[in-house]
1. Scan segment 103-132 residue by residue and report those that are in a helix (DSSP H, G or I), touching a helix residue (DSSP H, G or I) at 6+ places or on another chain (Cβ under 7 Å) and closer than 18 Å to residue 60 by Cβ.
2. Any idea which residue in segment 133-142 is surrounded by the fewest Cβ atoms within 10 Å (Cβ to Cβ), counting only those that are in a helix (DSSP H, G or I) and touching a residue at least 60 places away in the same chain (Cβ under 8 Å)?
3. Residues to consider are 50, 106; find the one that is within 14 Å of the ligand (Cβ to nearest atom), closer than 28 Å to residue 183 by Cβ and either buried (at least 16 other Cβ atoms within 10 Å of the Cβ) or at pLDDT below 95 (or both).
4. Do you know which residues across segment 3-44 are assigned to a helix (DSSP H, G or I) and at pLDDT below 95?
5. Restrict the check to segment 156-172 and report whether at least one residue is surrounded by 13 or more Cβ atoms within 10 Å (Cβ to Cβ) and within 20 Å of residue 109 (Cβ to Cβ).
6. Just name the residue that is farthest from the ligand (Cβ to nearest atom) out of those in segment 17-35 that are farther than 16 Å from residue 53 by Cα and surrounded by 20 or more Cβ atoms within 10 Å (Cβ to Cβ).
7. Give just the number: which of (1) within 30 Å of residue 81 (Cβ to Cβ); (2) touching a residue at least 40 places away in the same chain (Cβ under 8 Å) does residue 150 not satisfy?
8. Give me a count of the residues in segment 70-101 that are at pLDDT below 95, among the aliphatic types (A, V, I, L, M) and farther than 25 Å from residue 42 by Cα.
Amino acid sequence: MNIDVYPIIFAATMIMKSICVFCGSGSGNDSRYMDAAYQLGQLLAEKNIKLIYGGAKLGLMGAVADGVLSEGGTAIGVIPHFLCTKEVAHGGLSELMLVDTMHERKLKMHELSDGIITMPGGWGTMEEMFEMLTWGQLGMHQKPIGLYNINGYYDGLRTFHQTMVNEGFLKRELIDMLMMNEDADGLLAQMERYTPPVVPRWITEETT
Ligand code: AMP
């Protein structure tokens, strides 16, 4: 490697020490979803990246945490009191943080993480990811947001994003804020290289 370019590459790489994973509380109909969630957890642990997530033991949420823990990694759950029943909360996490509301939960997960990965999930997962995207769009954070497109699950969303741009409801320069990849390693590499778009910062966290 040309030593002259090394500092430039280094400067453009973001080191992520913790990643928030949003994903389904269901398992999906295809075993590839659960397998990929478990393997993503293992990968995060191998890379010494802490998992921040919703604290449940159900579905993909439980699988990603189990994957982290199986490799001796750190899995931190953030869960509201009303969901923290024996049936829902994961009992073996490195730390389980209890909060009062769903809003507080999302803000805490955001505060604790350097980046966000969304795996397949339902409305809850979508709501969480889109809120992070809108906060980024408003300039409230500059964290990389990745969509782990297992089994083509999010192909339709990719098409819909293009419709949003084509029809003039999403700025073309913002579309790259959501990085999409079929491969977990590839997605992490994309997120490490992420350069946030310059967006007007017309509101602050205090005004929301
Ligand atoms: P789902 O993708 O619907 O299986 O939900 C996955 C995650 O989203 C879980 O952590 C749920 O607690 C959370 N969730 C479910 N419904 C909502 C909601 N209406 N608003 C915010 N988060 C939700």
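The values are calculated or read from the model by the stated rules, or taken from the named source; none is laboratory data. These numbers come from a predicted model, not from an experiment. Here the Cβ positions follow ideal geometry from the backbone for every residue, glycine too, while neighbour counts run over all protein chains shown.
1. Answer for segment 103-132, where residues must be in a helix (DSSP H, G or I), touching a helix residue (DSSP H, G or I) at 6+ places or on another chain (Cβ under 7 Å) and closer than 18 Å to residue 60 by Cβ: 106, 128, 132.
2. So, considering only residues that are in a helix (DSSP H, G or I) and touching a residue at least 60 places away in the same chain (Cβ under 8 Å), the one surrounded by the fewest Cβ atoms within 10 Å (Cβ to Cβ) is 137.
3. Details: 50 fails: within 14 Å of the ligand (Cβ to nearest atom).
One residue alone meets the criteria, 106.
4. 6, 7, 8, 9, 10, 11
5. Scanning segment 156-172, I find no residue that is surrounded by 13 or more Cβ atoms within 10 Å (Cβ to Cβ) and within 20 Å of residue 109 (Cβ to Cβ), so the answer is no.
6. 33
7. With (1) within 30 Å of residue 81 (Cβ to Cβ); (2) touching a residue at least 40 places away in the same chain (Cβ under 8 Å) applied to residue 150, the lone miss is (1).
8. 1
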